[in-house]
1. Out of Gly19, Gly7, which single residue is in contact with a Leu (Cβ under 7 Å, 6 or more places away or on another chain), crowded, with 21+ Cβ neighbours inside 10 Å and on the phi > 0 side of the Ramachandran plot?
2. Please verify whether Leu158 is more than 15 Å from the chain's Cα centre (by Cα) and closer than 21 Å to Ala52 by Cα, treating the condition exactly as stated.
3. Counting just the residues of the range 36-58 that are closer than 18 Å to Gly109 by Cα and of a type in the set (A, V, I, L, M, F, W, C), which one comes out most open to solvent (accessible area, probe 1.4 Å)?
4. Among all residue pairs at least 6 apart or on different chains, which show Cβ distances below 6 Å where the first residue, located in the range 3-20, is closer than 16 Å to Gly166 by Cβ and the second is in a loop (DSSP other than H, G, I, E, B) and acidic (Asp, Glu)?
5. I need the full set of residues from the range 138-159 which are out of contact with any Gly (no Cβ under 8 Å at 6 or more places or on another chain) and either assigned to a strand (DSSP E or B) or at positive phi (or both), in order please.
6. Condition (residue is more than 25 Å from Arg48 (Cα to Cα), open to solvent by 50 Å² or more (accessible area, probe 1.4 Å) and in contact with a Leu (Cβ under 9 Å, 6 or more places away or on another chain)) applied to the range 85-104: is it met by at least one residue?
7. Residues being more than 17 Å from the chain's Cα centre (by Cα), surrounded by 12 or more Cβ atoms within 10 Å (Cβ to Cβ) and part of a loop (DSSP other than H, G, I, E, B): count how many of those fall in the range 167-189.
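The values are calculated or read from the model by the stated rules, or taken from the named source; none is laboratory data. Since the structure is predicted, the reported quantities are computational estimates derived from the model, not experimental observations. Positions of Cβ are generated from backbone atoms using ideal geometry, with glycine treated the same way; all protein chains shown enter the neighbour counts. We work out accessible area using only protein heavy atoms, side chains counted, and drop any ligands, DNA or RNA first. Shrake-Rupley method; radii C 1.70, N 1.55, O 1.52, S 1.80 Å.
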Amino acid sequence: MSIDGFGAGLGQGLEHPMGKGGQELHRWFFPTRTFRSMIGQDGGTDDRFAQASMEGFGAFILGRNMFGPAGDDWGGPDWKGWWGDNPPYHAPTFILTHHARAPIVMDGGTTFHFVTEGIEAALARAKAAAGDLDVKVGGGVSTVRQYLLAGAIDEMHLAVSPVVLGRGEPLFAGIDLPSLGYRVTDTVPTELATHVVLTR
(Lines give C-alpha, C1' and ligand atoms only; values in the text may rest on other atoms or scores of the structure.)
Protein backbone atom coordinates (compact mmCIF):
# COMPACT_ATOMS: atom_id res chain seq x y z
CA MET A 1 0.00 0.00 0.00
CA SER A 2 1.05 3.63 -0.44
CA ILE A 3 2.07 5.76 2.52
CA ASP A 4 -1.22 7.63 2.15
CA GLY A 5 -3.16 4.41 2.59
CA PHE A 6 -4.14 3.24 -0.90
CA GLY A 7 -3.86 -0.39 -1.95
CA ALA A 8 -4.57 0.31 -5.64
CA GLY A 9 -4.77 3.31 -7.91
CA LEU A 10 -7.77 4.62 -9.79
CA GLY A 11 -8.84 3.30 -13.17
CA GLN A 12 -8.06 -0.40 -12.94
CA GLY A 13 -8.35 -2.11 -16.30
CA LEU A 14 -6.46 -3.82 -19.07
CA GLU A 15 -3.98 -0.95 -19.44
CA HIS A 16 -3.52 -0.42 -15.69
CA PRO A 17 -4.23 -3.72 -13.85
CA MET A 18 -3.39 -2.16 -10.46
CA GLY A 19 -4.85 1.23 -11.30
CA LYS A 20 -2.89 4.30 -12.31
CA GLY A 21 0.28 4.39 -10.22
CA GLY A 22 -0.57 1.07 -8.61
CA GLN A 23 2.41 -0.73 -10.11
CA GLU A 24 4.71 1.52 -8.03
CA LEU A 25 3.35 -0.16 -4.90
CA HIS A 26 4.99 -3.42 -5.96
CA ARG A 27 8.47 -2.18 -6.84
CA TRP A 28 9.86 -4.00 -3.79
CA PHE A 29 8.50 -7.32 -5.13
CA PHE A 30 9.64 -7.19 -8.76
CA PRO A 31 13.41 -7.80 -8.16
CA THR A 32 12.82 -10.76 -5.82
CA ARG A 33 13.55 -14.36 -6.67
CA THR A 34 9.91 -15.19 -5.89
CA PHE A 35 8.51 -12.75 -8.45
CA ARG A 36 11.09 -13.55 -11.10
CA SER A 37 10.30 -17.26 -10.85
CA MET A 38 6.61 -16.42 -11.38
CA ILE A 39 7.41 -14.92 -14.77
CA GLY A 40 9.84 -17.67 -15.79
CA GLN A 41 13.08 -15.84 -15.03
CA ASP A 42 16.09 -16.92 -12.98
CA GLY A 43 17.93 -15.01 -10.29
CA GLY A 44 16.62 -12.23 -8.14
CA THR A 45 17.05 -11.07 -4.59
CA ASP A 46 16.16 -13.13 -1.54
CA ASP A 47 13.28 -11.64 0.44
CA ARG A 48 11.57 -13.47 3.27
CA PHE A 49 8.32 -11.55 2.82
CA ALA A 50 8.16 -12.28 -0.90
CA GLN A 51 8.88 -15.95 -0.27
CA ALA A 52 6.30 -16.17 2.50
CA SER A 53 3.70 -14.52 0.27
CA MET A 54 3.39 -17.65 -1.86
CA GLU A 55 4.46 -20.56 0.36
CA GLY A 56 2.45 -22.73 2.73
CA PHE A 57 -0.98 -21.98 1.29
CA GLY A 58 -3.44 -24.67 0.28
CA ALA A 59 -5.92 -22.29 -1.34
CA PHE A 60 -6.26 -18.66 -2.34
CA ILE A 61 -9.11 -16.16 -2.39
CA LEU A 62 -8.99 -13.26 -4.85
CA GLY A 63 -11.30 -10.44 -5.79
CA ARG A 64 -12.71 -10.13 -9.29
CA ASN A 65 -10.10 -7.63 -10.56
CA MET A 66 -7.27 -9.88 -9.38
CA PHE A 67 -8.40 -12.33 -12.06
CA GLY A 68 -9.19 -10.03 -14.94
CA PRO A 69 -9.98 -6.50 -16.06
CA ALA A 70 -13.09 -4.77 -14.76
CA GLY A 71 -16.30 -5.39 -16.70
CA ASP A 72 -18.67 -8.23 -17.37
CA ASP A 73 -16.86 -9.77 -20.36
CA TRP A 74 -13.92 -11.12 -18.30
CA GLY A 75 -11.42 -9.65 -20.76
CA GLY A 76 -13.01 -11.55 -23.64
CA PRO A 77 -14.06 -15.17 -24.17
CA ASP A 78 -10.49 -16.51 -24.07
CA TRP A 79 -9.38 -14.66 -20.92
CA LYS A 80 -7.90 -16.98 -18.29
CA GLY A 81 -6.35 -14.48 -15.89
CA TRP A 82 -3.43 -12.06 -15.77
CA TRP A 83 -0.76 -14.75 -15.41
CA GLY A 84 -0.95 -16.81 -18.60
CA ASP A 85 -1.23 -20.59 -18.75
CA ASN A 86 0.67 -21.28 -15.50
CA PRO A 87 -0.47 -18.88 -12.74
CA PRO A 88 1.70 -18.66 -9.60
CA TYR A 89 -0.92 -20.02 -7.20
CA HIS A 90 -0.53 -23.79 -7.84
CA ALA A 91 -3.57 -24.46 -5.66
CA PRO A 92 -7.35 -24.05 -5.82
CA THR A 93 -8.05 -20.33 -6.21
CA PHE A 94 -11.47 -18.88 -5.46
CA ILE A 95 -12.54 -15.70 -7.26
CA LEU A 96 -15.22 -13.51 -5.65
CA THR A 97 -17.57 -12.24 -8.33
CA HIS A 98 -21.16 -11.41 -9.21
CA HIS A 99 -20.79 -13.07 -12.61
CA ALA A 100 -20.93 -16.87 -12.69
CA ARG A 101 -18.40 -18.78 -14.76
CA ALA A 102 -17.35 -22.42 -15.01
CA PRO A 103 -14.08 -23.37 -13.26
CA ILE A 104 -10.88 -23.04 -15.30
CA VAL A 105 -8.16 -25.66 -14.87
CA MET A 106 -4.71 -24.19 -15.51
CA ASP A 107 -1.19 -25.61 -15.73
CA GLY A 108 0.78 -26.13 -12.51
CA GLY A 109 -2.11 -27.11 -10.25
CA THR A 110 -4.13 -23.88 -10.27
CA THR A 111 -7.87 -24.15 -10.77
CA PHE A 112 -9.89 -20.94 -10.75
CA HIS A 113 -13.30 -21.33 -9.09
CA PHE A 114 -15.80 -18.47 -9.39
CA VAL A 115 -17.88 -17.85 -6.27
CA THR A 116 -21.05 -15.75 -6.49
CA GLU A 117 -22.39 -16.52 -2.99
CA GLY A 118 -20.18 -14.09 -1.05
CA ILE A 119 -17.13 -14.09 1.20
CA GLU A 120 -18.35 -16.69 3.69
CA ALA A 121 -19.02 -19.25 0.96
CA ALA A 122 -15.64 -18.56 -0.65
CA LEU A 123 -13.86 -18.96 2.69
CA ALA A 124 -15.66 -22.23 3.50
CA ARG A 125 -14.77 -23.68 0.10
CA ALA A 126 -11.16 -22.46 0.36
CA LYS A 127 -10.73 -23.96 3.84
CA ALA A 128 -12.09 -27.29 2.65
CA ALA A 129 -9.72 -27.24 -0.33
CA ALA A 130 -6.69 -26.18 1.75
CA GLY A 131 -6.93 -29.01 4.27
CA ASP A 132 -4.26 -28.49 6.93
CA LEU A 133 -2.64 -25.60 5.06
CA ASP A 134 -3.51 -21.91 5.32
CA VAL A 135 -5.83 -19.92 3.08
CA LYS A 136 -4.45 -16.69 1.67
CA VAL A 137 -6.69 -13.72 0.93
CA GLY A 138 -4.59 -12.26 -1.87
CA GLY A 139 -6.55 -9.08 -2.59
CA GLY A 140 -7.65 -6.74 -3.97
CA VAL A 141 -8.52 -3.95 -1.61
CA SER A 142 -12.27 -4.53 -1.43
CA THR A 143 -11.78 -8.23 -0.76
CA VAL A 144 -9.24 -7.62 2.02
CA ARG A 145 -11.53 -5.03 3.63
CA GLN A 146 -14.47 -7.43 3.65
CA TYR A 147 -12.49 -10.20 5.31
CA LEU A 148 -10.92 -7.80 7.82
CA LEU A 149 -14.34 -6.53 8.88
CA ALA A 150 -15.53 -10.13 9.19
CA GLY A 151 -12.59 -10.89 11.52
CA ALA A 152 -11.50 -13.68 9.18
CA ILE A 153 -7.86 -12.65 8.71
CA ASP A 154 -5.51 -13.98 11.37
CA GLU A 155 -2.32 -12.39 10.04
CA MET A 156 -1.76 -9.66 7.48
CA HIS A 157 1.46 -8.60 5.77
CA LEU A 158 1.60 -5.02 4.48
CA ALA A 159 4.37 -3.74 2.24
CA VAL A 160 4.16 0.03 2.71
CA SER A 161 5.87 1.57 -0.31
CA PRO A 162 7.42 5.07 -0.26
CA VAL A 163 4.85 6.26 -2.80
CA VAL A 164 2.03 8.79 -2.55
CA LEU A 165 -0.94 8.02 -4.82
CA GLY A 166 -3.27 10.79 -3.70
CA ARG A 167 -6.32 8.86 -4.88
CA GLY A 168 -7.26 5.24 -5.28
CA GLU A 169 -8.74 2.45 -3.18
CA PRO A 170 -8.16 3.12 0.55
CA LEU A 171 -7.30 -0.02 2.46
CA PHE A 172 -8.23 0.97 6.02
CA ALA A 173 -10.62 3.94 5.67
CA GLY A 174 -13.34 3.59 8.30
CA ILE A 175 -11.86 0.39 9.77
CA ASP A 176 -10.91 0.43 13.47
CA LEU A 177 -8.19 -2.21 13.51
CA PRO A 178 -7.58 -2.22 17.30
CA SER A 179 -11.27 -2.75 18.01
CA LEU A 180 -11.18 -5.73 15.65
CA GLY A 181 -8.27 -7.15 17.66
CA TYR A 182 -5.39 -6.38 15.30
CA ARG A 183 -1.97 -5.27 16.52
CA VAL A 184 1.43 -4.78 14.91
CA THR A 185 3.68 -7.76 15.61
CA ASP A 186 6.60 -7.15 13.23
CA THR A 187 8.12 -4.19 11.37
CA VAL A 188 11.02 -4.45 8.94
CA PRO A 189 12.19 -1.37 7.01
CA THR A 190 13.88 -1.90 3.64
CA GLU A 191 14.88 0.42 0.83
CA LEU A 192 11.77 -0.14 -1.31
CA ALA A 193 9.15 -0.85 1.36
CA THR A 194 8.53 -1.06 5.09
CA HIS A 195 7.07 -4.46 5.90
CA VAL A 196 4.47 -4.51 8.67
CA VAL A 197 2.76 -7.60 10.05
CA LEU A 198 -0.61 -7.29 11.77
CA THR A 199 -1.87 -10.18 13.89
CA ARG A 200 -5.29 -10.83 15.41
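1. Numbers: Gly7 fails: on the phi > 0 side of the Ramachandran plot.
It is Gly19.
2. Numbers: more than 15 Å from the chain's Cα centre (by Cα): no; closer than 21 Å to Ala52 by Cα: yes.
When the stated conditions are applied, Leu158 does not pass them.
3. Just the residues of the range 36-58 that are closer than 18 Å to Gly109 by Cα, to begin with: 37-40, 53-58.
Subsequent filtering for residues that are of a type in the set (A, V, I, L, M, F, W, C) retains 38-39, 54, 57.
Numbers: Met38: 35, Ile39: 80, Met54: 46, Phe57: 48 Å².
Looking at residues that are closer than 18 Å to Gly109 by Cα and of a type in the set (A, V, I, L, M, F, W, C), I get Ile39.
4. none
5. Within the range 138-159, Gly138, Glu155, Met156, His157, Leu158, Ala159 meet the criteria.
6. No - not one qualifying residue is present in the range 85-104.
7. The total comes to 4.
One line per residue, one yes/no per condition, for (1) open to solvent by less than 50 Å² (accessible area, probe 1.4 Å); (2) modelled with pLDDT under 95; (3) more than 21 Å from Thr34 (Cα to Cα):
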site	(1), (2), (3)
Gly75	yes, yes, yes
Gly81	yes, yes, no
Val115	yes, no, yes
Gln146	no, no, yes
